[in-house]
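S.K.: So that we are looking at the same thing, I have put the structure below in structure tokens.
Please treat every number below as a calculation from the coordinates, not as lab data. Quantities reported herein were computed from a predicted structural model and do not represent experimental measurements.
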Amino acid sequence: MSPVSDFTRQFASEAANIALDLRFNVKQVVWVLSDMLLECNMAHVLIKVQRGQHLLDRKRKALQEPTRVKSRDPSKIQYDIGLIMKHIRYDYYCVIYGWDYSCEMTEAWIHQMGVDQLPLGPNQPFYNVLVNDGTNRYAAQESLTICPVSELRPIRHWEVGKYFKSFAGDRYIPNNALQEKYPNTTAVQ
């Protein structure tokens, strides 16, 4: 048996276990990860796996902790929950469902993803976003811009309903749980 197929089998098994632990849809997780394996070379997949593992660790920790309310300081956090954004460098469309005042990833992730090469580096707000391709990403504030009106459209992501109750044409309206975590969002209706 080749090392690649061993890796793929172990990867799929770990993905299924993680999905079950976090009560995710196992088929959806395996589908997304299988798609990653087909589209990416192994080094790229390993980077995504490390990032994914870090995000899953954060989600596990968040499930164990009481909800931490985040107050938005508009002088630092430029963008609001529910806004549809466009990534400046990678040209993808996404919706914001969370933010941090600075990058909360590991030093290894920061280096691998080139965050330390950005003009503002990791010491700027970072946003949790749902991307139109079905992925969840963590993007620097300087890398995002509000989606131009001519390009506005709903984000096609399987987790949109987990965080938002409706689409208002130019933004998503946070559901009650997201509203509780980010109480002073302007995207409320």
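S.K.: Work out from phi, with θ = phi - 60° and the Karplus expression 6.51 cos²θ - 1.76 cosθ + 1.60, the ³J(HN,Hα) of each residue of segment 163-171, listed in order in whole Hz, and give x for Gly and Pro.
M.R.: After applying 6.51 cos²θ - 1.76 cosθ + 1.60, I find 10, 10, 9, 6, 10, 9, x, 10, 6 Hz.
S.K.: Something else now. Sort largest first and round to whole Å: the equivalent ellipsoid semi-axes of segment 75-128, each the square root of five times a Cα gyration tensor eigenvalue.
M.R.: Taking √(5λ) for each eigenvalue gives 19, 14, 10 Å, largest first.
S.K.: Under 1.5 on a/c is rounded, so check that first for segment 44-189, then, if it is not, pick prolate when a/b is larger than b/c and oblate when it is not; a ≥ b ≥ c are the square roots of the alpha carbon gyration tensor eigenvalues.
M.R.: rounded
S.K.: Can you pick out the pairs among Lys61/Lys181; Lys48/Lys165; Lys48/Lys162; Lys70/Lys162 whose Cα atoms lie more than 21 Å from each other?
M.R.: Lys48/Lys165; Lys48/Lys162
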